[in-house]
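Here's the structure, in structure tokens; my notes come after.
Any read-out appearing in this document is the output of simple, stated calculations on the displayed coordinates, not a laboratory observation. This structure is a prediction, so every number in the text was calculated from the model and none was measured. Quick reminder, even Gly has a Cβ in these numbers, built from the backbone with ideal geometry, and neighbours come from all protein chains shown.
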Amino acid sequence: MAVALAGLFYWRRNHRLVRATSRELSSVIILGALLTFANAFLFVMKPSKLVCVVRMLGFHLTINMLFSPLTVKTLRIYRIFYMGKRSAQKPKFISTPSQLVFTGIILLLQIGMVIISNSISTISPGLLQQVKTKPFVELRCEQALPAFLLPICFNVALILLCAVLGYLTRKLPENFNESWYIFVSVSTTLFAWSVFLPTYFSVFYAYQQAALLSFCLLLNAFITVGCLFLPRAYAII
């Protein structure tokens, strides 16, 4: 689905709907969705040092690639329509290059979080026997809980900020109602995370945790693509 949307938006890149919704930021979101779908398959692969590291990087960075452009885009809308009421001057840093720079800064901050978390506890494959009386040993990717939570907390804070901005800009004129779709997308994602994260820490076996993280990644990508791009693709076609 993400590949089809990427092809459609490239083919109709000069369409007024595509041009009006930040083609560059939309490209980053679609790329993030593609990488999210690809990274989900790593959770069903046999853990190794390389698989564990790439899986960790992919989990934290692909989510950031989905929501950092959304946050920057929603902040731009907020500054144009609400902060613009206080001054007749055009708000600064609302050009496309500025938005890409802000998105890159947020992504670099998340990369920094991942580096710090990996310095706290290096992720590596390890064997675990949950029940000592059962002949069942799991091979899983092991990392200390604080190191795993640090990048996740950054992403959750980013999603919360995007949800707040989307809520504040939800009643814009019809021609600028993209923020409403952003608000719906982010709110649905927050609800999904509020369900899956507690479940992740409560399940017993490592393969169940891997399945939950993989499903959470796929759900994030489907929600983002479905809420933001499918209505636009229908209008373009």
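A few comments on the model shown:
- Note on Ile80 and Leu108: with the Förster distance fixed at 30 Å, the Cβ-Cβ geometry gives a FRET efficiency of about 0.75.
- Annotation: lysines with alpha-carbon distance below 29 angstrom to Lys90 (same-chain offsets under eight excluded): Lys73, Lys171.
- Chain lengthening between Cys153 and Ile115 when straightened (0.36 nm per residue, less Cα-Cα): 12.2 nm
- Contour excess over end-to-end distance, with Cα ends at Glu24 and Val51 and 0.36 nm allotted per residue: 6.7 nm
- For the stretch 21-36 and the stretch 181-234, distance of Cα centres in Å: 17 Å
- Ranked by how many other Cβ atoms sit within 10 Å of their own Cβ, fewest first, the residues Ser26, Ser194, Ser68 fall in the order Ser194, Ser26, Ser68.
- Proxy reagent accessibility, fewest Cβ within 10 Å first, across Leu25, Leu165, Leu31: Leu31, Leu25, Leu165
- The distance from the alpha carbon centre of the stretch 92-149 to that of the stretch 42-64 is 9 Å, rounded to a whole number.
- Nearest-0.05 FRET efficiency for Phe201 and Val101, computed from C-beta distance (R0 30 Å): 0.25
- Summarising the label geometry, the points placed 7 Å from Cα in the beta-carbon direction at Leu230 and Phe41 lie 2.3 nm from one another.
- For Phe222 and Lys134, a Förster radius of 41 Å and the Cβ-Cβ distance give a FRET efficiency of 0.70, rounded to the nearest 0.05.
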